[in-house]
Amino acid sequence: MLNIVLFGPPGAGKGTQSEKIIEKYDLIHLSTGDIFRSNIKGETDLGNLAKSYMDKGQLVPDEVTIKLLESEVAKHPSAKGFIFDGFPRTSPQAEALDKFLDLRKTSITYMIALDVPEDELKTRLMKRAKTSGRADDADPKVIQHRIDTYNRETAPVKDFYAAQKKYYGILGLGTIDNIFTAICKVLDKA
Ligand code: AMP
């Protein structure tokens with residue numbers, strides 16, 4: 001299996017690159033943010049709970065997010081592999097994912113981390129707000145909170161994968177195609 005953690009701050013281009021990767025490598029795309037948003041749209045209990053955190057730019061609690069991710073993976077028993085987009089976002093999530101994959105006799109192949117300067121992230125998110133309809137993209141205070149949360153709670157997850165020699169940092173600037181080519185160079189080593 002090819003299992004990728006696609007990592008990076010909000011606005012780094014994880015969703016855009018995921019679409020290209022799943023097409024080329026025939027993987028299942030699991031974005032915890034997308035799953036939360038579809039629950040919000042469907043007005044489920046999970047959606048109501050997630051919304052109360054997402055609108056403020058806070059992380060949804062680990063117990064809820066881990067359980068959700070595990071049940072989504074279990075829905076695809078014959079997958080060739082997965083792209084985890086926006087998960088793990090905390091050290092406990094990374095540890096839980098390793099344990100869960102281990103039980104299923106598989107593991108993370110690579111973490112691909114997209115690196116983008118903070119000013120560029122803010123510009124991209126404000127632009128995305130015009131079309132995404134996402135409340136968390138529209139408010140500069142919420143954007144700043146998401147970036148701060150990333151730096152404080154999520155960025156350390158890189159070290160977890162670096163210790164396993166699975167971390168690959170890629171500059172997330174330039175054209176979408178050039179960034180994709182850089183990602184493919186890493187994935188084609190698998
Ligand atoms: P995203 O679509 O990845 O930008 O995620 C949007 C929001 O969903 C985040 O700001 C969090 O509130 C929530 N979220 C998504 N993934 C996670 C996660 N792995 N852990 C906790 N919260 C998450």
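Considering the range 29-67 alone, what residues qualify as being open to solvent by 50 Å² or more (accessible area, probe 1.4 Å), more than 29 Å from Pro77 (Cβ to Cβ) and within 11 Å of the ligand (Cβ to nearest atom)?
Correct list: Lys51, Ser52, Tyr53, Asp55, Lys56, Gln58.
Collect the residues in the range 145-163 that are more than 16 Å from the ligand (Cβ to nearest atom) and under 20 Å from Lys185 (Cβ atoms), keeping them in residue-number order.
First pass over the range 145-163, keeping only residues more than 16 Å from the ligand (Cβ to nearest atom): 159, 162-163.
Ala162, the sole residue that qualifies.
Against the condition closer than 24 Å to Tyr168 by Cα and touching a strand residue (DSSP E or B) at 6+ places or on another chain (Cβ under 9 Å), how does Ala79 come out, does it pass? Walk me through how you get there before you give the answer.
On the way: closer than 24 Å to Tyr168 by Cα: yes; touching a strand residue (DSSP E or B) at 6+ places or on another chain (Cβ under 9 Å): yes.
Criteria met by Ala79.
On the given criteria, is Gly174 at positive phi and open to solvent by less than 70 Å² (accessible area, probe 1.4 Å)? First the steps, then the outcome.
On the way: at positive phi: yes; open to solvent by less than 70 Å² (accessible area, probe 1.4 Å): yes.
Criteria met by Gly174.
Yes or no, residue by residue, for (1) more than 30 Å from Pro77 (Cα to Cα); (2) within 12 Å of the ligand (Cβ to nearest atom); (3) open to solvent by 70 Å² or more (accessible area, probe 1.4 Å); (4) under 16 Å from the mean Cα position of the chain (by Cα):
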residue: Ala96; (1), (2), (3), (4): no, yes, no, yes
residue: Leu103; (1), (2), (3), (4): no, no, yes, no
residue: Ser107; (1), (2), (3), (4): no, no, no, no
residue: Met111; (1), (2), (3), (4): no, no, no, yes
residue: Leu114; (1), (2), (3), (4): no, no, no, yes
residue: Leu121; (1), (2), (3), (4): yes, yes, no, yes
residue: Leu125; (1), (2), (3), (4): yes, yes, no, yes
residue: Thr131; (1), (2), (3), (4): yes, no, yes, no
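In the range 36-89, which residues are part of a loop (DSSP other than H, G, I, E, B) and under 30 Å from Lys24 (Cα atoms)? Steps first, please.
Initial filter on the range 36-89 (part of a loop (DSSP other than H, G, I, E, B)): 42-44, 55-61, 75-81, 86-89.
Once the filter is applied, which keeps residues that are part of a loop (DSSP other than H, G, I, E, B) and under 30 Å from Lys24 (Cα atoms), the range 36-89 yields Lys75, His76, Pro77, Ser78, Ala79, Lys80, Gly81, Gly86, Phe87, Pro88, Arg89.
Can you tell which of Asp98, Asp26, Asp102 is farther than 21 Å from Asp188 by Cα and out of contact with any Ser or Thr (no Cβ under 8 Å at 6 or more places or on another chain)?
Working: Asp98 fails: out of contact with any Ser or Thr (no Cβ under 8 Å at 6 or more places or on another chain); Asp26 fails: farther than 21 Å from Asp188 by Cα.
Residue meeting the stated conditions: Asp102.
For the range 134-190, which positions are touching a strand residue (DSSP E or B) at 6+ places or on another chain (Cβ under 9 Å), polar (S, T, N, Q) and part of a loop (DSSP other than H, G, I, E, B)?
Gln164 - this is the single residue of the range 134-190 that is touching a strand residue (DSSP E or B) at 6+ places or on another chain (Cβ under 9 Å), polar (S, T, N, Q) and part of a loop (DSSP other than H, G, I, E, B).
Each row is one residue, and each column tells you yes or no for (1) in contact with a Ser or Thr (Cβ under 9 Å, 6 or more places away or on another chain); (2) without any contact (Cβ under 8 Å) to a residue 40 or more places away in the chain.
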position	(1), (2)
Asp119	no, yes
Thr123	no, yes
Arg128	no, no
His145	no, no
Thr149	no, no
Pro156	yes, no
Phe160	yes, no
Lys165	no, yes
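Considering only residues that are within 19 Å of Gly15 (Cα to Cα) and surrounded by fewer than 14 Cβ atoms within 10 Å (Cβ to Cβ), which ones fall in the range 133-150?
Gly133
The values are calculated or read from the model by the stated rules, or taken from the named source; none is laboratory data. Model, not experiment: these values are computed from the prediction. FYI the Cβ positions are ideal-geometry reconstructions off the backbone, even for glycines, and counts take in every protein chain you see. Protein only, heavy atoms only, side chains kept; ligands, DNA and RNA dropped before computing areas. Shrake-Rupley method; radii C 1.70, N 1.55, O 1.52, S 1.80 Å.
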